[in-house]
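Here's the structure we're looking at; comments come further down.
Computed from the coordinates by the stated procedures, all read-outs in this text should not be read as laboratory data. Only a predicted model underlies this, so the values are computations on that prediction, with no experimental measurement involved. Methodologically, a virtual Cβ is constructed for each residue, glycine included, from the backbone with ideal geometry; neighbour enumeration extends over all protein chains shown.
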Amino acid sequence: MGQFFSWVKSNEKQILVILDNLAKKGVEVSEAVVVMLSDLGNDEHHKKIHALETQADSLVRDIFSELNSTFITPLDREDMQRVASKIDDAIDHMDGIASRLHSYKITSAPPHALDIANELVKATKEVELMTSKLQNMKDPSTMIEHCRKTTAIEHKVDDLYKLAMTELFEGNDAIQIIKLKDIYESLETASDRCVDVADVVEDIVLKYT
């Protein structure tokens, strides 16, 4: 019986460790997007980001597999699924940014795109910090603070997005407008997904503390 409870406790911890690894992968992807925007002539950046996204997908599958096979979960099963899904969504959108930059043959960073991408790095780091603290919620106020910071970052991204779009539509190249609009929207949506993670984490903190 003692061995059984030891296994349950170990399995509980493993789920949250994998979830944190997924959040760390989100940071890696966001940082790789910044590097790509700074060096658009190098096709290897696009390949690296897609490889990281594939690794993230594997982690998501591991999380869902652990949740389906674990009798007792450390937090509500649905809440952990939501956190994993929203982090995965953010990573998917960042991979989409890289794919669009590559497919549209963008040779220089669109105006304000690098600024938005740098804010996205900050957002993914906040997501990783709050996710890591799910393993031990001894300081709920700090977790809420990370959630609030993620929202503040998203507001800054929104301002940059609006500025970028305003300037974009002052141009005359319709094809370029369509391409860059798609990229800007993907950047903004990735930031939104980080806020979605923060919203779920805040719900969890309020539920368990």
Mean separation of Cα contacts under 8 Å (at least 6 apart) over the residue count of the range 2-208, i.e. the relative contact order in percent, is 29 percent
Along the dipole axis of the chain (charges at Cβ: +1 for Lys and Arg, -1 for Asp and Glu; origin at the Cα centre), the most positive-end residue among Ile183, Thr142, Val29 is Thr142
Between (i) 19.2; (ii) 20.8; (iii) 17.8, the structure-derived Kirkwood radius over Cα pairs in Å is (iii)
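The range 52-110: which chymotrypsin sites (Phe, Trp or Tyr not before Pro) are DSSP loop and have at most 14 other beta-carbon atoms within 10 angstrom?
Phe71
Please compute the net charge surrounding Lys179, taking Lys and Arg as +1 and Asp and Glu as -1 over other residues with Cβ under 13 Å from its Cβ.
That sum, taken over residues with Cβ under 13 Å, equals 0.
Please give the peptides 147-154, 94-101, 74-81 ranked by average Cβ packing (other Cβ atoms within 10 Å per residue), highest first, as a rough proxy for protection.
Values: 147-154: 19.0, 94-101: 22.8, 74-81: 16.5.
With the highest mean Cβ count within 10 Å placed first, the list reads 94-101, 147-154, 74-81.
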